[in-house]
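Read through the structure below, which is laid out as structure tokens, and then see the notes.
The values are calculated or read from the model by the stated rules, or taken from the named source; none is laboratory data. Quick caveat: nothing in here was measured; it's all calculated off a predicted structure. As a convention, Cβ positions derive from the backbone with ideal geometry for all residues, glycine included, and neighbour counts pool all protein chains shown.
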Amino acid sequence: MNVSAFIPIKKFITSKKRLSKIISSSERESLAASMANNTIDILSKSKICDSITVVTNDNNLSFNHSNSYFTELPLNQGLDEAIKLDVNRENILIMHADLPRINEFDLQKLLGSYMTQKVSIVSDLQKQGTNCLMFSASMKFQLKFGLDSYNLFQQEFKTNGISYQDINIPSLQDDLDSEEDYFKLIKYIKS
């Protein structure tokens, strides 16, 4: 099965502003870079995808084991554009880079639970955001990443008659979005 992975990553200098009360700008930049490198490294080692494309607004950003796609478009439109340009797209995996507990075993579990006739959606632990989305490239729907994306995606799928399955894998649901997350996940963050 051909799987193309897409990871949206904004400029590190503007990343994780919600942590500005507890860590400095340079620490936030280093943290975002470390998590992105770790996510891409683990995703590459897992062998669940044939390609990894980083979709970014930073034209100087590059990582081992991946290609970079530069865009100044907003998140959802930038992802759409990058996906359309991928000639090998058959199945799409969109994954955020701020998943400190990501591991190869759970990525294999995600792939094992995937059914091509359904969208697989992995929310954050609060069931508000969407950390991973896996779907057949033949499916047509609008991407809804951003605030309350989990509920917006569910509405989008229902409106368009698209079957989906909610996948609960804690390591892929435990993202770094708040000060509370930072203190809870600090032991998983590689510096």
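Which residues, taken from segment 24-41, are within 22 Å of residue 114 (Cα to Cα) and in contact with a helix residue (DSSP H, G or I) (Cβ under 6 Å, 6 or more places away or on another chain)? None; the set is empty.
The numbered conditions (1) under 19 Å from residue 10 (Cβ atoms); (2) in a loop (DSSP other than H, G, I, E, B) are all true for residue 94 except (2). Kindly check whether there is at least one residue in segment 73-80 that is more than 19 Å from residue 131 (Cα to Cα) and in a loop (DSSP other than H, G, I, E, B). Yes, segment 73-80 has at least one match. Report yes if residue 50 is surrounded by 16 or more Cβ atoms within 10 Å (Cβ to Cβ), acidic (Asp, Glu), more than 26 Å from residue 125 (Cβ to Cβ) and touching a Ser or Thr at 6+ places or on another chain (Cβ under 7 Å), otherwise no. No; evaluated as a whole, the condition is false for this residue.
Restricting 185, 147, 99, 176 to those that are within 23 Å of residue 32 (Cβ to Cβ), surrounded by fewer than 17 Cβ atoms within 10 Å (Cβ to Cβ) and modelled with pLDDT under 95 reduces the list to 147. Residues of segment 124-180 being free of Cβ contacts under 8 Å to residues at least 24 places away in the same chain and among the aromatic types (Phe, Trp, Tyr), which ones? Hit for segment 124-180 is 141, nothing else.
No other residue among 140, 158, 109 is part of a loop (DSSP other than H, G, I, E, B) and of a type in the set (Lys, Arg) apart from 140. The selection criterion, being touching a strand residue (DSSP E or B) at 6+ places or on another chain (Cβ under 8 Å) and modelled with pLDDT of 90 or more, holds for residue 51. Among the numbered conditions (1) acidic (Asp, Glu); (2) part of a helix (DSSP H, G or I); (3) at pLDDT 90 or above, the only one that residue 29 does not meet is (3).
Here residue 120 does not qualify as polar (S, T, N, Q), modelled with pLDDT of 90 or more, under 22 Å from residue 43 (Cβ atoms) and in a helix (DSSP H, G or I).
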